[in-house]
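**Q** Sharing a structure, written as structure tokens. Questions coming.
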Protein chains: 2
Amino acid sequence: MSERPITNIEAYMQDLGRRARESSRALARASTRQKNAALTAIADAIDQQRELITTANQVDLELGRAKGLDAALLDRLELTPGRLDSMIEGLRQIAALPDPVGAITDLDYRPSGIQVGRMRVPLGVVGIIYESRPNVTADAAGLCLKAGNATLLRGGSEAFESNQAIADSIHQGLTAADLPSDAVQVVATTDRAAVGSMITMPEFVDVIIPRGGKGLIERISREARVPVIKHLDGICHVFIDAHADLEKAFAIALNAKTQRYGTCNTMETLLVDEAIAPRILPRLATAYVEQAVELRGCPRTCELITEAHPATDADWDTEYLAPILSIRIVPGLDVAIDHIARHGSAHTDSIVTEDYSHARRFLREVDSSSVMVNASTRFADGFEYGLGAEIGISTDKFHARGPVGLEGLTSVKFVVLGNGEIRT
Amino acid sequence: MSERPITNIEAYMQDLGRRARESSRALARASTRQKNAALTAIADAIDQQRELITTANQVDLELGRAKGLDAALLDRLELTPGRLDSMIEGLRQIAALPDPVGAITDLDYRPSGIQVGRMRVPLGVVGIIYESRPNVTADAAGLCLKAGNATLLRGGSEAFESNQAIADSIHQGLTAADLPSDAVQVVATTDRAAVGSMITMPEFVDVIIPRGGKGLIERISREARVPVIKHLDGICHVFIDAHADLEKAFAIALNAKTQRYGTCNTMETLLVDEAIAPRILPRLATAYVEQAVELRGCPRTCELITEAHPATDADWDTEYLAPILSIRIVPGLDVAIDHIARHGSAHTDSIVTEDYSHARRFLREVDSSSVMVNASTRFADGFEYGLGAEIGISTDKFHARGPVGLEGLTSVKFVVLGNGEIRT
């Protein structure tokens with residue numbers, strides 16, 4: 001099961017694309033029962049083939065260690081029994097979600113006599129480009145399958161053997177449910193040219209979802225000839241308004257930074273109204289320092305709390321993904337909103353306030369994919385929002401925005417039911 | 001008011017873009033009352049400046065005649081008193097539509113205690129590229145304004161003076177309503193490089209909507225670095241099923257072809273089940289020929305009706321936009337659906353049938369932006385669907401599909417209302 005030698009990457013990818021497009025028709029027509037049977041069969045196949053998958057994963061891990069990959073990357077690469085359980089459980093959860101495809105909404109009568117509504121339909125073929133985590137192979141394929149889409153998956157080269165082993169289980173599950181095994185294809189080459197091909201064949205791929213580092217995503221966005229669902233950065237803010245409840249402010253500001261450091265919905269900058277700063281910042285600073293969070297403040301922050309070092313201009317535009325927090329004291333709501341517009345990444349921003357009009361203005365005027373009042377930014381997540389699962393987060397405004405679940409993997413078409421009506 | 005000499009088109013377009021982006025913030029915040037006041041003030045300004053606009057239009061018409069533009073193009077270019085009335089009335093109708101911006105839907109509680117919903121928000125800056133019809137200037141600007149978007153408009157060079165005159169009225173209306181006049185900018189150069197700039201500045205323009213010939217739209221889609229809302233072709237089908245009601249079939253097949261020839265939702269190919277063809281086609285052929293529609297048929301059609309000439313392979317892929325119809329007799333629903341998948345343009349397709357399961361399969365399996373049962377394809381239209389107005393039709397699946405009204409000119413963001421919740 002080692003990498004096949006492929007001489008013509010372009011032709012190989014075109015062939016995968018053509019097969020994905022063909023199988024997408026069968027998948028769009030597939031019944032809910034059939035798709036759920038496939039998801040369950042894939043979960044079963046992975047369960048039965050734990051040993052094969054683990055062996056393949058060991059090969060990747062050994063190669064990775066030999067190549068000197070760092071510990072964090074090796075950790076993401078490893079398929080522990082617990083992670084295999086999660087993959088299997090995730091597929092069963094996707095099977096349990098309602099099927100969005102075919103649902104018709106708002107079937108209203110028009111004055112002409114026709115009845116007009118919208119039916120939810122699959123997008124077609126989804127291309128997923130991701131880095132080292134092999135569990136994405138099953139998660140992404142499962143979500144796309146439920147939404148009626150064919151999938152082309154291109155994982156990181158360091159997870160090559162793991163991904164191929166998972167692909168085998170997926171194909172068994174698809175076949176068992178009488179769906180075309182081409183409905184999920186894992187690219188069987190680590191050649192980087194495969195990515196270039198995949199993002200430039202609009203005839204075969206309808207949308208690309210890249211998951212990974214900012215560099216990868218920027219390159220894909222720049223070069224893709226199809227739509228890309230993505231977010232680049234998560235520079236999230238919490239603004240503690242002058243009219244904040246101090247207990248809520250303390251809990252939210254602490255949770256948003258320290259619950260997890262490496263996630264995109266973690267707060268990177270805390271904004272505090274000058275009127276409340278003396279009453280909340282010293283207490284917060286103590287709590288942050290207890291958790292070994294490094295504080296970088298504006299000049300007024302550094303005057304107020306001795307724990308803070310001076311922030312540089314670059315700090316306000318940095319996603320730390322680490323126990324570092326930048327803090328700025330602002331004269332009020334307007335400057336806070338303006339700071340977020342200038343330095344934010346349109347991901348998730350939260351205001352802590354008891355003032356009705358300030359809450360309302362923040363919700364309306366902050367132009368981010370998630371805007372919150374009195375809640376931790378860490379809630380910006382498909383599961384927490386009730387989407388059932390998420391394939392990624394979009395900070396763009398086109399098509400899908402915020403956490404993207406099954407609905408973001410679909411489109412709609414208009415349906416018109418008539419009784420012989422003609423236009424006059 | 002003749003064309004200003006612009007030496008650096010790129011810099012000029014960047015400047016327009018920057019001003020559009022800046023004004024889009026004010027527009028996104030603008031209240032419904034303020035946007036409606038602007039729309040009404042623009043309508044009033046156009047009404048008061050009919051003479052100026054008509055004079056500018058005369059200049060365009062004279063230049064057009066001197067250049068030898070054809071009669072159809074000169075007709076589209078002309079702003080008759082009736083067309084000015086329609087522009088004014090259209091703006092007043094847009095003012096009367098509900099404001100989509102700021103509407104919050106599905107604000108549901110989650111197990112964590114947070115309440116999650118979605119708020120509708122403007123897209124930002126919309127670029128419209130169109131050909132000769134100067135009335136598009138007011139229609140498109142009005143719809144974008146109501147949806148809270150700033151607009152960059154690039155009309156056809158032959159309508160230059162008319163568009164500039166309409167732009168003056170628009171600016172007066174915006175100023176009267178205390179909105180930035182940069183919220184609607186009409187590109188003041190006929191240099192073609194302006195289009196190239198406009199579609200490649202994602203930092204200033206969020207989406208491009210091209211309206212015009214297929215060649216223009218193909219070029220824009222190929223070269224754009226931002227999303228494009230578009231349709232290329234309208235190769236629409238009516239399929240008369242074996243179980244069709246003959247009266248409905250006759251009325252719909254006649255209306256879909258002959259009510260107007262030049263519109264994108266006009267039927268171009270009629271598919272007829274072989275079981276019903278002898279009972280419906282001869283009668284339809286007579287009616288078509290009475291209206292001087294040229295018939296091009298498959299071999300079996302030509303055997304059945306003497307009025308038909310043999311169709312070539314190219315006919316099935318052609319949008320005639322003329323009194324020409326291709327007709328194919330098919331053995332049943334499967335071949336009809338397959339024909340539409342191969343030759344259609346994913347615009348609008350209709351089945352005429354009394355068979356429940358055939359209707360249901362057609363609705364589900366035909367992958368077009370509008371699918372209909374027992375209704376004329378001519379209904380595929382924003383007004384007929386109840387969208388209030390339409391900025392165009394999309395045959396793509398990403399973001400907006402089918403007739404695009406105010407909703408298609410907006411996006412959503414997640415709103416989270418909490419009471420101090422943190423993630424555990």
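**Q** In terms of modelled amide H atoms, which long-range or inter-chain residues lie less than 5 Å from the amide H of residue B:394?
**A** B:402, B:404
**Q** Can you find, among B:264, B:34, B:232, the residue sitting farthest towards the positive end of the charge dipole of chain B, where Lys and Arg contribute +1 and Asp and Glu -1 at Cβ?
**A** B:34
**Q** Let me ask you something else. What's the angle, to the nearest 10 degrees (0 to 90), between helix B:81-96's Cα axis and the longest principal axis of chain B?
**A** 70
**Q** Under a straight-distance cross-link criterion of Cα-Cα below 12 Å, which aspartates and glutamates are reachable from residue B:397, leaving out those fewer than 8 residues away in the same chain?
**A** A:206, B:367
**Q** Now a separate question. Can you list, shortest first and in nm, the gaps between the label point of residue A:109 and those of its counterparts in the other copies, using a point 7 Å from Cα in the C-beta direction?
**A** Distances between equivalent label points, in nm: 3.8.
**Q** Could you state the angle between the C-alpha long axis of helix B:246-258 and the longest principal axis of the C-alpha atoms of chain B, as a value from 0 to 90 degrees rounded to the nearest 10?
**A** With both axes taken from Cα atoms, the answer is about 50 degrees.
**Q** Helix B:214-223 sits at what angle to the longest principal axis of chain B, using alpha carbons and giving 0 to 90 degrees rounded to 10?
**A** 50
**Q** Rank A:114, A:217, A:199 by mean-square fluctuation in a GNM of chain A with C-alpha springs under 10 angstrom and give only the top-ranked residue.
**A** A:114
**Q** Could you please report the charge total around residue A:86, scoring K, R as +1 and D, E as -1 over all other residues with beta-carbon less than 15 angstrom from its beta-carbon?
**A** Combined, the nearby Lys, Arg, Asp and Glu give -2.
**Q** Still on this model: Among all the aspartates and glutamates, which ones have a C-alpha under 13 Å from residue B:67's C-alpha, if same-chain residues fewer than 8 places away are not counted?
**A** Cross-link targets: B:158.
**Q** Rounding to the nearest 20 debye, state how big the charge dipole of region A:286-424 is about its Cα centre with +1 on each Lys and Arg Cβ and -1 on each Asp and Glu Cβ.
**A** 560
**Q** At residue A:68, label 7 Å along Cα→Cβ: distances to the other copies, nm, ascending?
**A** So the distances to the same position in the other copies read 7.2 nm.
**Q** Kindly provide the helix-only [θ] at 222 nm of chain B, computed as the sum of -39,500 (n - 2.57) over DSSP H runs of four or more divided by all residues, to the nearest 500 deg cm²/dmol? Don't skip to the end; give the middle numbers.
**A** Numbers: 14 runs with 178 residues, N = 424.
Result for chain B: -13000 deg cm²/dmol, rounded to the nearest 500.
**Q** Counting other beta carbons within 10 Å of each residue's own, what order do B:12, B:288 fall into, fewest first?
**A** Working: B:12 19, B:288 25.
By the 10 Å Cβ count, ascending: B:12, B:288.
**Q** Let me ask something additional. Which whole-number percentage describes the relative contact order of chain A, with Cα contacts under 8 Å and a sequence gap of 6 or more?
**A** Values: 875 pairs, mean separation 76.6, N = 424.
Once normalised by length, the contact order is 18 percent.
**Q** Tally Lys and Arg at +1 and Asp and Glu at -1 over the other residues with C-beta under 15 Å from the C-beta of residue B:379: what net charge comes out?
**A** +2
**Q** Then there is this: Residues with amide H under 5 Å of residue A:352's amide H, sequence separation 5 or more or different chain, H placed in the peptide plane at 1.01 Å from N; which?
**A** HN-HN under 5 Å from residue A:352: A:239, A:240, A:241, A:374.
**Q** Between A and B, which A residue has the Cβ nearest their rotation axis, distance in Å?
**A** That would be A:399, 2.
**Q** Using a Gaussian network model of chain A whose springs link C-alpha atoms within less than 10 Å, name the residue from A:306, A:348, A:54 with the highest mean-square fluctuation.
**A** Comparing A:306, A:348, A:54 in the GNM, the peak value goes to A:306.
**Q** Right, here's the next one. Roughly how many nanometres apart are two label points built 7 Å out from the Cα toward the Cβ at residue B:324 and residue B:424?
**A** 7.2
**Q** Each residue of region B:331-345 in turn: what ³J(HN,Hα) in whole Hz from Karplus with 6.51, -1.76, 1.60 and θ = phi - 60°, glycine and Pro shown as x?
**A** Working through the residues one at a time gives x, x, 4, 4, 5, 4, 4, 5, 4, 5, 5, 6, 10, x, 10 Hz.
**Q** For chain B, with a Gaussian network of springs between Cα atoms less than 10 Å apart, report the residue from B:116, B:125, B:195 with the top mean-square fluctuation.
**A** B:116
All of the numbers you see were taken from the coordinates with simple rules; none came from a lab. Because the structure is predicted, anything quoted here is derived from the model rather than measured. So basically every Cβ, Gly included, is an ideal-geometry build from the backbone, and we count neighbours across all protein chains shown.
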